[in-house]
Ligand SMILES: Nc1ncnc2c1ncn2[C@@H]1O[C@H](COP(=O)(O)OP(=O)(O)OP(=O)(O)O)[C@@H](O)[C@H]1O
Ligand SMILES: [Mg+2]
């Protein structure tokens, strides 16, 4: 069975990620923040089910992800998601595009895990019963049901990150943007996240310094000083990245 088989590509869920994938297009995007150029005339399209993004600290990776949901506005150029403008139609884009922030504290609204997850769902118009079901399913999917009644500020960094991911997945987005999802995780949770990622029916764009996490992706993009300098299969791009930064 090849990897292009939809059942396999969708992992255990049997859902074909390509059926969900959105088309994200950057057209001549420059972002200047506090006089520094964070992105420099970036033109690139993303439509694959799995895309990795690598680059050194400060190279522009988080800025690139934030442009997709209109959190950072281009100084020049534009970003579109399935034809919607990322600045003008950010609300619609965010309904279909989840974002797992580099710092999970950015994601958290309510003090208790279950309430926090429920809040996002109620905000999206789900009924009380649907909300309870979806919270339960998201916690189960990440094997963190035991955290449901814990206070979030008392959780470890890794536990917070998993809770934040549960909150994103509960909303059933088409695309999830992951900003260094394994940064706070121990080996066991890192491997759990890798497995979740592999089985995810959603499209995933993954920024990571954990290169093994994206090593089997069909496409990895390397950013350097705000510019795309490599774009291709993971092994080629990661070899170049390692070689360039020995
Ligand atoms: N809120 C901000 N205000 C001003 N400049 C910013 C802001 N956020 C990021 N920058 C600058 O934009 C550039 C790109 O930052 P960005 O966060 O996108 O890098 P990154 O590739 O995600 O780095 P890291 O691997 O450290 O997370 C950096 O020079 C950074 O200092
Ligand atoms: Mg970053």
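Computed quantities for the displayed model
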{"read-out": "Residue list for the stretch 138-151, restricted to those being part of a helix (DSSP H, G or I) and in contact with a helix residue (DSSP H, G or I) (Cβ under 6 Å, 6 or more places away or on another chain)", "value": "138, 139, 145, 147"}
{"read-out": "Listing of strands (runs of 3 or more DSSP E) fully contained in the stretch 186-246 that carry 3 or more residues being crowded, with 19+ Cβ neighbours inside 10 Å and in contact with a helix residue (DSSP H, G or I) (Cβ under 9 Å, 6 or more places away or on another chain)", "value": "203-207, 220-224"}
{"read-out": "Search result, residues across the stretch 70-111 that are in contact with a strand residue (DSSP E or B) (Cβ under 7 Å, 6 or more places away or on another chain), surrounded by fewer than 20 Cβ atoms within 10 Å (Cβ to Cβ) and closer than 17 Å to residue 124 by Cβ", "value": "92, 96"}
{"read-out": "Neighbours by Cβ (under 6 Å, 6+ apart or cross-chain): first from the stretch 218-231, free of Cβ contacts under 8 Å to residues at least 40 places away in the same chain; second within 12 Å of ligand 1 (Cβ to nearest atom)", "value": "229/222; 230/222"}
{"read-out": "Any helices (runs of 4 or more DSSP H) falling wholly within the stretch 6-103 and containing at least 3 residues that are within 14 Å of residue 205 (Cβ to Cβ), at pLDDT 95 or above and within 16 Å of ligand 1 (Cβ to nearest atom)", "value": "61-68"}
{"read-out": "Yes/no for residue 148 being surrounded by fewer than 19 Cβ atoms within 10 Å (Cβ to Cβ) and either within 19 Å of residue 109 (Cα to Cα) or within 16 Å of ligand 1 (Cβ to nearest atom) (or both)", "value": "yes"}
{"read-out": "Residues of the stretch 175-184 classified as away from ligand 1 (no atom under 16 Å from the Cβ) and surrounded by fewer than 21 Cβ atoms within 10 Å (Cβ to Cβ), total", "value": "0"}
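The values are calculated or read from the model by the stated rules, or taken from the named source; none is laboratory data. These numbers come from a predicted model, not from an experiment. In this analysis, Cβ positions are derived from the backbone assuming ideal geometry, glycine residues included, and neighbour counts consider all displayed protein chains.
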